[in-house]
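What follows is a set of notes on a single structure, which appears directly below.
The values are calculated or read from the model by the stated rules, or taken from the named source; none is laboratory data. What you see is a predicted model, and the numbers here were worked out from it, not measured in a lab. Cβ sites come from the backbone with ideal geometry, for glycine too, and all protein chains shown count toward neighbours. Protein only, heavy atoms only, side chains kept; ligands, DNA and RNA dropped before computing areas. Shrake-Rupley method; radii C 1.70, N 1.55, O 1.52, S 1.80 Å.
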Amino acid sequence: DTAVSQTPKYLVTQMGNDKSIKCEQNLGHDTMYWYKQDSKKFLKIMFSYNNKELIINETVPNRFSPKSPDKAHLNLHINSLELGDSAVYFCASSQSRIPNQPQHFGDGTRLSIL
Amino acid sequence: ILNVEQSPQSLHVQEGDSTNFTCSFPSSNFYALHWYRWETAKSPEALFVMTLNGDEKKKGRISATLNTKEGYSYLYIKGSQPEDSATYLCASTTGANNLFFGTGTRLTVIP
């Protein structure tokens, strides 16, 4: 059973479109995250939710809007896609918001903007 | 933003060799240090989380140490095997919940 699953795995779309990436975890964790892997291969935190409540929003453009309908899901909606949004986006979860807990990652969604 | 640095960037070793690499992080307001193993086309997998100065953790042939006073952690692999080939990421946090990752050390074990 996949612990943290993201869909889609690949997303190719035109500049200006709106798209969503879904993430689900079946680990019973309270905290979920979105990371962006940039061109230099850094994993950078974008958002963190704990029990459906936003706890981290790291200077991400407001075109990016996370939504957590329940603690097992954290979706990422992106409006008006730009070329610079091309990246691999990773979802992760941890048992709690205390950062001494390991994080469990999904396989990533490769977003390509044409 | 925390400046987390890893060295070397990449490393080639022969099967059976032991190896180690370094993660440097700011020592002020330190809370935890994470190590992850990231195989190509897979997702990062947690190896260790360490919080106390002098912590040592071990998982099979892989072990890690932590020095919070000087701000570094070492990851050791004993008797490297081809399946150890991966990128090894470290990440540090001050306790504000967000992890700051280094760019990783890419290890290739040559059979």
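How large, in percent, is the carbon and sulfur part of the accessible surface of chain B at a probe radius of 1.4 Å? Its accessible area is 46 percent carbon and sulfur atoms. Using the Cβ-Cβ distance between A:GLU53 and A:HIS77 with R0 = 22 Å, the FRET efficiency computed as 1/(1 + (r/R0)^6) comes to roughly 0.80. I need the Debye-formula profile for the range A:24-114: one equal scatterer per C-alpha, no solvent, reported as log10 I(q)/I(0) at q = 0.12, 0.16, 0.25 1/Å, two decimals. With one equal scatterer per Cα and no solvent, log10 I(q)/I(0) is -0.34, -0.61, -1.38. How about the range B:1-64: which GluC sites (Glu not before Pro) there lie in a loop by DSSP and see at most 16 other Cβ atoms within 10 Å? In loop regions of the range B:1-64 (DSSP not H, G, I, E or B), the sparsely surrounded GluC sites (Glu not before Pro) are B:GLU15, B:GLU39. For the range B:80-95 versus the range B:1-69, the inter-centroid distance based on Cα atoms is 5 Å.
Taking each residue as 0.36 nm, the span from B:SER27 to B:SER7 lengthens on full extension beyond its C-alpha to C-alpha distance by 5.5 nm. Neighbours of B:LEU75 by Cβ distance under 12 Å: Lys/Arg scored +1, Asp/Glu scored -1, total +4.
Each part gets one Cα centre, and for the range A:30-45 versus the range A:71-90 those centres are 11 Å apart.
What net charge is computed for the residues neighbouring B:GLN9, neighbours being all others with C-beta under 14 Å from the C-beta of B:GLN9, Lys and Arg scored +1, Asp and Glu -1?
+2
In this simple spin-label model, placing a label point 7 Å from the Cα along the Cα-to-Cβ direction at both A:THR7 and A:ASP38 gives a separation of 3.2 nm. Among the trypsin sites (Lys or Arg not before Pro) within the range B:30-91, those in coil by DSSP and having at most 10 neighbouring Cβ atoms inside 10 Å are B:LYS69. Surface exposure of the protein assembly as shown, expressed per residue as accessible area with a 1.4 Å probe, stands at 49 Å².
For the range B:17-111, the pair-distance distribution built from all alpha carbon pairs, in bins 5 Å wide starting at 0, is 3, 14, 26, 25, 18, 9, 4, 1, 0 percent. For the protein assembly as shown, the direction-averaged projected area of the alpha-carbon convex hull comes to 12.2 nm². Shown for the range A:38-83: residues covered by the partner protein chains by 20 Å² or more of accessible area relative to the chain by itself (probe radius 1.4 Å), namely A:LYS41, A:PHE42, A:LEU43, A:ILE45, A:ILE56, A:GLU58. The B-A contact accounts for roughly 1700 square angstrom of buried accessible surface, both chains included, probe 1.4 angstrom. Using a 1.4 Å probe on the protein heavy atoms, what percent of the accessible area of chain A belongs to carbon and sulfur? About 47 percent, which is the carbon plus sulfur part of the accessible surface.
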